[in-house]
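The values are calculated or read from the model by the stated rules, or taken from the named source; none is laboratory data. Predicted model, so just to flag it, every value in this text is computed and none were measured. Reconstructed Cβ throughout: ideal geometry from the backbone, glycine too, with neighbour counts over all protein chains shown.
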Amino acid sequence: MSRKAEIESLDSCAFVFISPSGDGLKGALRISETADYISAFLTMQKTLKGIGFEVDAACKDIRRACFLSSDPDIYINLDAREMPVTTIAPAKKVLQPSRAPDIVPIARIYAALQFLDPSCQYDEWVKIGMAIHHATNGEAVGLKLWDDWSSKGKTYEAACEEKWFSFNAGALTIGTLFKLARDAGFNCEDAPEEWIAIDRKFNLARFNDTYRMINIDGKPMVVWKKGHTPMYALPLNVNQPVVFYWFKYCPQMYRFLPIHFLS
């Protein structure tokens, strides 16, 4: 029996024909007019999977266009029986942000740099710059870190800025810098208050581009937003990365973050 004939043998098959690409099949199983479409789709998907067919998941969208093809051997059954539909609750999709902004450890990078020799070989100096560039996404704060450290070297020629803008994203990660520092004895994260303050300001600005604290029914919530559109809200919980950062690095700051009310 051909694959097409296998579908034709189903009592609920209303029609089936070769797809426009010639590589697949398109068809329809009859359901009750009152049946829930998603439940019907999931029932049909399970039924066909049981006889070895893979169903295009995009067909779950009832609004999806269906392209027809000329198949002289199209199968049509006007007396197809209604397929019994089992009410199936689709799996709940847990919404998550594409990725929370990474905390850029500005102060820790500064502390690690203190264990490295700014008069090092050129290749190592470039690697350190590339690692900082990657960690800070090429932003000015990274250039300042690299230039301030480099300026203490005997061979400093104020060439950081020109080199900085020649780096490609992702060439080396900050792990390279931390390994070099650990090999040189780095085992602490002390940094002057100036750089701790820069760290806080930089990371809070990045988080505030992605998150907002809001008030829903009197309860504080954290909203992840895409552009200017709030996507979903989570209860205020210090285990969330964004809230953890606010509380750990600047516990006094979260009280002053923008508070929005969603209708």
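Please find, within the range 49-85, the residue that is modelled with the lowest pLDDT out of those that are among the hydroxyl-bearing types (S, T, Y) and surrounded by 10 or more Cβ atoms within 10 Å (Cβ to Cβ).
Step one: list which residues in the range 49-85 are among the hydroxyl-bearing types (S, T, Y), which gives 69-70, 75.
From what's left, surrounded by 10 or more Cβ atoms within 10 Å (Cβ to Cβ): 69, 75.
Working: S69: 79, Y75: 92.
Within the range 49-85, the match that is modelled with the lowest pLDDT is S69.
Name the one entry in G129, G142, G153, G185 that is free of Cβ contacts under 8 Å to residues at least 40 places away in the same chain and assigned to a loop (DSSP other than H, G, I, E, B). Criteria check complete, one pass: G153. Taking the range 1-18 as the range and being surrounded by 16 or more Cβ atoms within 10 Å (Cβ to Cβ) and either within 12 Å of L48 (Cβ to Cβ) or polar (S, T, N, Q) (or both) as the test, the residues that pass are E6, I7, L10, S12, C13, V16. Scanning the range 152-176 for residues that are under 24 Å from A205 (Cα atoms), surrounded by 15 or more Cβ atoms within 10 Å (Cβ to Cβ) and in contact with a Leu (Cβ under 8 Å, 6 or more places away or on another chain) returns a single hit, W164. Would you mention how many residues in the range 20-46 are at pLDDT below 90, of a type outside the set (A, V, I, L, M, F, W, C), under 26 Å from D73 (Cβ atoms) and buried (at least 17 other Cβ atoms within 10 Å of the Cβ)? Of the residues in the range 20-46, 3 are at pLDDT below 90, of a type outside the set (A, V, I, L, M, F, W, C), under 26 Å from D73 (Cβ atoms) and buried (at least 17 other Cβ atoms within 10 Å of the Cβ). In this structure, does W149 turn out to be touching a Gly at 6+ places or on another chain (Cβ under 7 Å) and surrounded by 12 or more Cβ atoms within 10 Å (Cβ to Cβ)? No; evaluated as a whole, the condition is false for this residue.
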